[in-house]
Amino acid sequence: MGEIVGAGLLSHVPTIVLPEETRLELNGDKEITLVTGLRQLRQEVFETADYDTVVVLDSHWATTVEFVVTAQDRRAGLFTSEELPRGMCRMPYDFAGDPELAHGIAAYAEKHGTWITAIDDPCLPIYYATINLWKFLGEGLPDKRWVTIGVCQTGDMEDHLRLGRALADGIAATPGRKVLLIASGALSHTFWPLRQLRDHESSDPSHIFSPQARAADYERIAWFKQGRHDRVLQTMPEFWPYKPEAGFSHYLMMAGALGEEACTAPGRQYGEYENSIGTGQAHLWFDRPAEGWTAPRAARLPHGPHDPGDPQHSVEPQLSPAPHADQES
């Protein structure tokens with residue numbers, strides 16, 4: 001029986017793969033902590049944990065009529081981003097896939113009332129939401145396999161939770177498989193307009209697009225640290241106005257795999273909460289609790305310096321449609 005042994009909500013922001021001198025120039029001669037955070041995460045988790053496969057829930061890969069999971073034996077090539085070709089140009093990648101797991105996940109689509117197809121086409125595009133994190137966390141670890149699942153731009157919150165449920169069942173049904181999940185994407189995700197964005201390239205959170213978006217991000221980071229996935233899911237309608245990347249579908253798929261509102265795993269943050277031309281970025285990692293992802297919740301953690309408190313929400317779980325990926329800013 002397979003199992004999910006760890007999971008993370010991680011930022012793939014393009015700045016992390018720029019040359020160091022460029023990063024420092026953009027950030028007042030200071031390294032962005034999203035870079036140092038990923039380096040620490042690699043040392044503490046990706047180089048030491050007992051796992052076979054990484055599954056990336058990629059907020060940049062938007063499919064239309066079904067969810068797609070990569071099923072190639074190996075993916076290798078050079079990646080140039082159509083979005084930012086100056087900063088992400090001819091980046092080499094080479095990693096093993098996990099066809100058995102991919103087909104195992106797709107086999108649970110009908111059970112969960114959704115559509116999932118495993119695709120092994122070698123010409124299938126790849127996106128920097130996968131590549132950038134592999135460069136930090138996977139490159140140089142040749143025995144680890146990487147698989148990607150895209151968001152579905154016609155799917156709503158319930159659809160992405162269903163994908164997560166199928167993902168969990170597919171992992172459980174794959175003998176001996178130990179898996180790390182990565183929800184690759186941002187929190188609030190509104191860019192500054194082109195004529196203004198070069199005034200907002202610093203990582204300082206004061207450059208987040210609005211104070212309201214910054215406050216919403218801090219609130220969810222505090223809940224993640226407390227293991228309050230229920231609060232995050234119950235208040236999705238309140239978060240969507242701040243345009244979380246891909247409607248926060250990358251997180252919703254991960255939450256569906258970890259038990260949804262019953263998930264109690266507290267997160268630890270690697271690096272600081274930072275800005276990227278208006279968008280909110282953070283790395284949060286969730287280890288599997290000894291008693292399982294839905295173990296009884298531990299005592300509340302003390303409020304951190306940016307924790308807005310623990311407001312009581314009476315909002316019942318709502319499954320109204322999330323903004324589609326093609327409506328993102």
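The values are calculated or read from the model by the stated rules, or taken from the named source; none is laboratory data. Keep in mind it's a predicted model, so treat the numbers as computed, not measured. Please note: Cβ atoms are built from the backbone with ideal geometry, for glycine as well, and neighbour counts cover all protein chains shown. Heads up: the accessible areas ignore ligands, DNA and RNA and are worked out on the full protein's heavy atoms, side chains in. Shrake-Rupley method; radii C 1.70, N 1.55, O 1.52, S 1.80 Å.
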Based on what the data block shows, is Tyr127 open to solvent by 30 Å² or more (accessible area, probe 1.4 Å) and touching a Phe, Trp or Tyr at 6+ places or on another chain (Cβ under 6 Å)?
-> yes
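Residue by residue, here is whether (1) surrounded by fewer than 21 Cβ atoms within 10 Å (Cβ to Cβ); (2) touching a strand residue (DSSP E or B) at 6+ places or on another chain (Cβ under 8 Å) holds:
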| site | (1), (2) |
| --- | --- |
| Gln153 | yes, yes |
| Met157 | no, no |
| Leu167 | no, yes |
| Ala183 | no, yes |
| Trp192 | yes, no |
| Pro205 | yes, yes |
| Ile208 | no, yes |
| Arg231 | yes, no |
Among the candidates Asp50, Asp94, Asp98, single out the residue that is open to solvent by 20 Å² or more (accessible area, probe 1.4 Å), touching a residue at least 12 places away in the same chain (Cβ under 8 Å) and under 20 Å from Gly6 (Cα atoms).
-> Asp50
Pick from Thr117, Thr80, Thr70, Thr64: which is surrounded by 12 or more Cβ atoms within 10 Å (Cβ to Cβ) and without any contact (Cβ under 8 Å) to a residue 12 or more places away in the chain?
-> Thr80
Selection status of Ala7, in contact with an Asp or Glu (Cβ under 7 Å, 6 or more places away or on another chain), open to solvent by less than 60 Å² (accessible area, probe 1.4 Å), in contact (Cβ under 8 Å) with a residue 60 or more places away in the chain and not in a loop (DSSP other than H, G, I, E, B) = no
Could you list, in sequence order, all residues of region 10-47 that are farther than 17 Å from Asp204 by Cα and surrounded by fewer than 18 Cβ atoms within 10 Å (Cβ to Cβ)?
-> Pro19, Glu20, Glu21, Arg39, Gln40, Gln43, Glu44, Glu47
Among the numbered criteria (1) touching a residue at least 40 places away in the same chain (Cβ under 8 Å); (2) surrounded by fewer than 23 Cβ atoms within 10 Å (Cβ to Cβ); (3) farther than 30 Å from Arg39 by Cβ, which single criterion is violated by Arg162?
-> (2)
Residue hits (region 194-206; in contact with a Phe, Trp or Tyr (Cβ under 8 Å, 6 or more places away or on another chain) and either more than 11 Å from Tyr273 (Cα to Cα) or aliphatic (A, V, I, L, M) (or both)) are Leu197, Asp199, His200
